[in-house]
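Since every read-out is calculated from the coordinates, none of them should be taken as a lab result. All figures in this text were calculated on a predicted structure; none of them were measured in a lab. Methodologically, a virtual Cβ is constructed for each residue, glycine included, from the backbone with ideal geometry; neighbour enumeration extends over all protein chains shown.
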Amino acid sequence: MGLFDKLRNELVDIIEWIDDSQHTMVWRFPRYQNEIKNGAQLIVRPGQSAAFVHRGELADVFEPGHYTLRTDNLPLLSTLAGWKHGFNSPFKAEVYFVSTKQLTDLKWGTPNPIMLRDPEFGPIRLRAFGTYAIRAVDPKALLTELVGTDSSFDADEITELLRSIIISAFTDMLGESNIAALDLASKYREFSDQLRKAVCERVDDEYGLDVPMLNIVNISLPENVEKALDTRTSMGVIGDMGKYQQYQMGTAIAAAADNPGGGAADGMGLGMGFAMANRMAGGFGQPAAGAAPAAAPPPPPQSAWHVAVNGQTTGPFTDQQLSSMVAQGQFTANSMVWSAGMSGWSQAGQVGQLANVFASSPPPPPPPIP
């Protein structure tokens, strides 16, 4: 630096920030052993704020506009510096420019799947990602909590913090919603609004930031679960599997006829024709060729009867066993019986289901001939 440049830079006449970056949030006006003179010009452009810091203490904050720096518009700085009667000499102060415009195209996502209990599928894992935008609304809180003494502060320096806040709020929201995974797609806009409000409550008061936009772009299941759902959907679209197989056979036969390939194609078409004929015959209730004969239906179940003998329950006995007991005189119409489905014990003669038991017993033998 030349002698004349050094002398010229001893006093700062114009304080401004021409922001040519996209993600710079805070920028400190450079000052190399120079001072700001009384009456210097401060230019704060739209989308900016300017904050004065004196000996580590935050003083005055200026919104967009063109200012001539004097004691009347630097009340806090004048108090901190002890200018009881105003200042006529140059003064030293750090000037931080804070970008208040929206910083867009910021992305968030779940680095690891979120474990949830789905009401339809049970325990599942979900991934999600989306976009968001941030904007500084309280330069004092931002400088105090995040920037400190940095000469430049970019949005990239807080993206990890914001992502963790978004993912934490997103996990809580999903767990409380108890909505099935297949219904989440219809809730993207509603969930985005709820998630933005939850994040704003955290970053606004604590860091002086606002999240004017937050979108959920996608919530997805693991790849293997998505494949299983695709298979399930395909089966539902097909409907009647038997008709679908018949349709496939007919299409294959037509394709073989249109593209003859010699004996192999003829044999394939003939085999498909027999297979289709057998399936169609089965559809009309006729057994397919070579099919095993239908098995006979199982015999009807026999009733199981319990008989009360001398105050004790005996059995269970089948109808055939009761018939033998009738023939031997061990079971009569006055015997008390019970079977499943009966409300209580009854005399055997009053149970209609046992009529065949007594009818099948032979009458008593005739008396001997003298």
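Sketch the reach of a paramagnetic label on ARG202 as a point 7 Å from Cα along Cα-to-Cβ, and name the residues of segment 136-159 whose backbone nitrogen lies under 15 Å away.
158-159
Out of residues 5 or more away from MET25 or on other chains, whose amide H comes under 5 Å of its own, with H placed 1.01 Å from N in the peptide plane?
Amide H neighbours of MET25: PHE153, ASP154, ALA155.
If I model a spin label at LYS107 and GLN41 as a point 7 Å from the Cα along the Cα→Cβ vector, what separation in nanometres do I get?
In this crude spin-label approximation the distance works out to 4.3 nm.
In percent, how large is the relative contact order of segment 305-359, given Cα pairs closer than 8 Å and 6 or more residues apart?
Here the relative contact order equals 32 percent.
Between ASP193 and ILE18, what length comes free when the chain is fully extended (0.36 nm per residue of separation minus the Cα-Cα distance, one decimal in nm)?
59.6 nm
Tell me the label-point distance for the pair GLN328, SER303, using the 7 Å Cα-to-Cβ offset, in nm and rounded to one decimal.
Reported label-point gap for GLN328 and SER303 is 2.2 nm.
Going down the table (LYS101/LYS197; LYS140/LYS197; LYS140/LYS187; LYS101/LYS187), which pairs top 26 Å between alpha carbons?
Long pairs (Cα-Cα over 26 Å): LYS140/LYS187; LYS101/LYS187.
Aspartates and glutamates near LYS227 by alpha-carbon distance under 17 Å, same-chain residues fewer than 8 away left out - which ones?
Result set, ordered by chain and number: GLU120.
Taking just the C-alpha trace of segment 104-194, give me its Rg and Dmax in Å.
That works out to 16.4, 53 Å for Rg and Dmax.
In whole Å and largest first, what semi-axes does the C-alpha gyration tensor of segment 87-143 yield when each eigenvalue is scaled by 5 and square-rooted?
48, 12, 9
Can you divide the C-alpha Rg of segment 305-359 by 2.2 N^0.38 Å and report the result to two decimal places?
Compared with the compact-globule rule of thumb, segment 305-359 sits at 0.99.
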